[in-house]
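Scroll down for the structure; my scribbles are underneath it.
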Amino acid sequence: MSNTTISKLASALKISSDKLISQLNDAGISVKNENDEISNDQKLTLLNHLRGSHATKSEIKSPKKLTVNRRSQSELKLSAGFGTSRTVNVEVREKKTYLNKESLIEEAKQEDLLKEEERSNNEIASNRKQ
């Protein structure tokens, strides 16, 4: 196996050796200074750890709505009379909005839960008055 030092790996990855040491420690690999050697198995462990940690941070929700703007250009030939014609440039602009159904369903569920809470609160209040 080819072992490389942390300083060489950090320069190859174009990050500081301190940052690499902290990432290795977060991954469960005990490293003390930049002169320590790291094996290929430890590199793979670090890579899997970083992939897992970045995947949880970058869970991106899809937008509620997506707007698409389209433009189409065409030319129309108009006759001006007596054999002469004139071309006119026509640009058609379309704007279409797509809604995310999942977000609409989630919002509807939240609204239903709020309504149920209000009903239960009203029933509790009316029972206390009696």
Return the pair list, or none, for Cβ contacts closer than 6 Å from residues in the range 5-27 that are assigned to a helix (DSSP H, G or I) to residues that are surrounded by fewer than 18 Cβ atoms within 10 Å (Cβ to Cβ) and of a type in the set (Ser, Thr, Tyr), at least 6 apart or on different chains.
Ser17/Ser7
So which residues in the range 79-93 are of a type in the set (A, V, I, L, M) and under 49 Å from the mean Cα position of the chain (by Cα), if there are any at all?
Val88, Val90, Val92
All but one of (1) in a loop (DSSP other than H, G, I, E, B); (2) modelled with pLDDT of 90 or more hold for Glu75, so report the exception by its number.
(1)
I need a count of the residues in the range 97-124 that are touching a strand residue (DSSP E or B) at 6+ places or on another chain (Cβ under 9 Å) and over 22 Å from Thr67 (Cα atoms).
0
Which condition number in (1) part of a strand (DSSP E or B); (2) surrounded by 10 or more Cβ atoms within 10 Å (Cβ to Cβ) is the one that Lys96 fails?
(2)
Would you check if Ser103 is assigned to a loop (DSSP other than H, G, I, E, B) and among the hydroxyl-bearing types (Ser, Thr, Tyr)?
no
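The values are calculated or read from the model by the stated rules, or taken from the named source; none is laboratory data. Please read all numbers here as calculations on a predicted model, not as lab measurements. Here the Cβ is made from the backbone with ideal geometry for all residues, glycine too, and neighbour counts use every protein chain on show.
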